[in-house]
Amino acid sequence: MGNETPLSICIRQFLASRPEAARRLFGESRLPTLAQYDPLSRFFETIDGTLVFSGDNGIPLLRYHIGDRGGIIEHDAMLEFLKEWGFDPISLLQSQGTRGVHRLPFVYVFGRSHFAVSYFGANIYPENVMVGLEQPEIRDWVTGKFVIQVKTDADRNSVLDLVVELALGVEGGAAREKAIASEVRTQLLRLNSEFANYVPPSYQTPQVRLAPTGDREYFPVGVKHRYTRL
């Protein structure tokens with residue numbers, strides 16, 4: 001229905017580094033998926049903060065309610081907002097020789113709130129974790145897919161368990177698991193006030209496990225991915 005594009009990725013990376021700008025734009029501290037769409041083939045609207053779309057498919061859909069929280073932002077309105085924050089993604093992409101920058105509207109999707117996991121009473125959303133995996137020192141190691149869940153250790157203590165899919169050809173290891181755990185914790189503390197205030201410091205660092213691309217248990221090929229296990 002929508003696609004991540006060089007422009008939407010560039011903007012999301014900027015917003016990941018400026019949570020105050022993201023909060024003003026989206027109304028929440030967590031960062032949603034940001035994509036562009038062609039309104040001639042997929043037309044989005046919002047009803048009570050949730051997305052509906054119409055599409056001319058084999059079976060035409062009219063104002064189909066997908067149940068995801070999100071919204072739409074016109075192309076020019078997005079660029080004008082970013083200009084207020086001193087950021088010009090078009091100029092940046094042109095300076096990098098990036099092609100495929102299109103003047104299309106944006107759609108952002110938070111997903112459904114029940115996809116969050118509860119940890120010490122704090123709701124942890126996949127979007128919070130994604131920001132940690134998108135950091136420059138991490139993103140080349142991983143595909144962006146992960147599974148987050150709350151487990152219980154041998155002493156009956158709660159553990160925030162995070163399984164991350166490695167990029168094709170990338171090796172795992174304790175050093176990379178530690179780096180990811182540290183970065184995810186940093187972003188959770190920065191973006192999620194519930195996590196920062198409810199979760200005791202000694203329980204804030206997730207337990208990270210790295211799985212190969214297409215791992216059958218967590219990342220089977222050809223199956224719609226679920227980022228949480230409840």
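Here, each number is a calculation from the coordinates, and none is a lab measurement. Nothing here was measured: the structure is a model prediction, and the numbers come from that model. Cβ sites come from the backbone with ideal geometry, for glycine too, and all protein chains shown count toward neighbours.
Between the beta carbons of LEU92 and ASN57, assuming R0 = 35 Å, the FRET efficiency works out to 0.50 to the nearest 0.05. The calculated 222 nm mean residue ellipticity attributable to helices in the chain amounts to -9000 deg cm²/dmol, summing -39500 (n - 2.57) over DSSP H runs of n ≥ 4 and dividing by all residues.
When the trypsin sites (Lys or Arg not before Pro) in region 122-162 are filtered for DSSP coil states and for at most 12 other beta-carbon atoms within 10 Å of their beta-carbon, the remaining sites are ARG156. Counting every alpha-carbon pair across region 6-111, the share separated by more than 23 Å comes to 30%.
Residue-normalised convex hull volume from the C-alpha trace of region 92-162: 143 Å³ per residue. Given +1 at the Cβ of Lys and Arg, -1 at the Cβ of Asp and Glu and no other charges, the dipole of region 115-211 around its Cα centre is 120 debye to the nearest 20.
For the chain, the relative contact order is 18 percent, taking Cα pairs closer than 8 Å that sit 6 or more residues apart in sequence and dividing their mean separation by the residue count. Summary of the geometry: region 1-66 and region 75-95, compared by the centres of their Cα atoms, lie 17 Å apart. For LYS151, the lysines whose Cα comes closer than 29 Å to its Cα, not counting residues fewer than 8 places off in the same chain, are LYS178, LYS224. Each Lys and Arg Cβ is given +1 and each Asp and Glu Cβ -1; about its Cα centre, region 67-144 then shows a dipole of about 200 debye.
Averaging 1/r over each pair of different alpha-carbon atoms in the chain and inverting the result gives 19.0 Å, the Kirkwood hydrodynamic radius.
Remark: region 115-211 projects, on average over all directions, an area of 6.0 nm² (convex hull of Cα atoms).
Seen from every direction in turn and averaged, the convex hull around the alpha carbons of region 173-212 projects onto 3.0 nm².
Placing dummy labels 7 Å off each Cα toward the beta-carbon, the span from THR213 to SER41 is 2.5 nm. Using only Cα atoms, locate the centre of region 123-163 and the centre of region 186-203, then give the distance between them in Å, rounded to an integer. Distance between centres, Cα-based: 13 Å. Trypsin sites (Lys or Arg not before Pro), restricted to region 21-102: which are DSSP loop and have at most 10 other Cβ atoms within 10 Å? Sites meeting the loop and neighbour criteria: ARG99. Charges were assigned to the Cβ only: +1 to each Lys and Arg, -1 to each Asp and Glu. The resulting dipole of the chain about its Cα centre is roughly 300 debye.
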